[in-house]
1. Per residue of segment 115-131, in order, report the coupling 6.51 cos²θ - 1.76 cosθ + 1.60 (Karplus, θ = phi - 60°) as ³J(HN,Hα) in whole Hz, putting x for Gly and Pro.
2. Most fluctuating residue of Leu125, Leu79, Leu54 in a GNM of the chain with Cα springs under 10 Å: which is it?
3. Which residue fluctuates most in the GNM of the chain (Cα springs below 10 Å): Gly43, Gly162, Gly68?
4. All other residues with a Cβ under 15 Å from the Cβ of Gly37 taken together, and with Lys, Arg as +1 and Asp, Glu as -1, what is their net charge?
5. Report, in deg cm²/dmol and to the nearest 500, the calculated mean residue ellipticity at 222 nm for the chain, where each DSSP H run with n ≥ 4 adds -39500 (n - 2.57) and the sum is divided by the residue count.
6. Any idea what angle helix 34-57 forms with the longest principal axis of the chain, computed on alpha-carbon atoms, 0 to 90 degrees, nearest 10?
7. Give, rounded to the nearest 20 debye, the magnitude of the charge dipole that the chain has about its Cα centre when Lys and Arg contribute +1 at Cβ and Asp and Glu contribute -1 at Cβ.
8. So if each residue of separation counts as 0.36 nm, and I subtract the Cα-Cα distance between Arg133 and Met1, what length gain in nm does that give?
Amino acid sequence: MDGLPGFILAALALCGSPGPATVSLAATGAAFGPRRGVAYMTGIDAGMVVVMSLTAAGVTGLVLAIPGAAPVVAVLAALYFIHLAWRIASAPPLQDTAQGSEPSFMAGVLLSLINPKGYAAMAALFSGFALIRGRPELDAAIKLGVLIVIVASVNAAWLFAGAALTRFFRESRTSRVINVTFALLLVASVAAAFLL
């Protein structure tokens, strides 16, 4: 397992860098607080386990090889991210949160399943490193275990980093500016993922 340190560093960089999931987690933590964001974060984590499994098994490559599938998947993903950005931008200030609802567990799962950055990162990690040579099942299982710990840790860090901004969400105007900024960052991260 000589490649493990490099794998961990690459996983931290790919999973921890800003993208649709991490930016939306920070926005959720900021707008709703960490307690109300845990279900959403858990959904993102669960969805990423599915993405990791599909990528490790080669299913993702097979589906995207179907003629016309990639553009349909891209449009559906973009529509969902626009919807999520709208929910973030229109979240009420914290004193009014009873009127708004935080993203759900299923919203987190869905985000992971349609997040192009997640698939790209997992494809790079599963194909770019060999931790156990000659034993592909064990290699994939170890990668999956390490990635689950990294994804869960990174996502919790983004949720709590966003929650550190909570005090700014008590004032209506500041809350709106931060929410719209997070929404724009989410749209920008999605655009970057589709363009790269």
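Throughout, read-outs are computed from the coordinates displayed, never taken from laboratory work. On a predicted model such as this, the values are computed, not experimentally measured, just so you know. Positions of Cβ are backbone-derived with ideal geometry, glycine not excepted, and every protein chain shown enters the neighbour counts.
1. My calculation for segment 115-131 gives 7, x, 5, x, 5, 5, 5, 5, 4, 5, 6, 6, 8, x, 9, 10, 8 Hz in order.
2. Leu79
3. Of the options given, Gly68 has the highest mean-square fluctuation.
4. +1
5. -26000 deg cm²/dmol
6. 20 degrees
7. So the dipole magnitude of the chain works out to roughly 340 debye.
8. 46.7 nm
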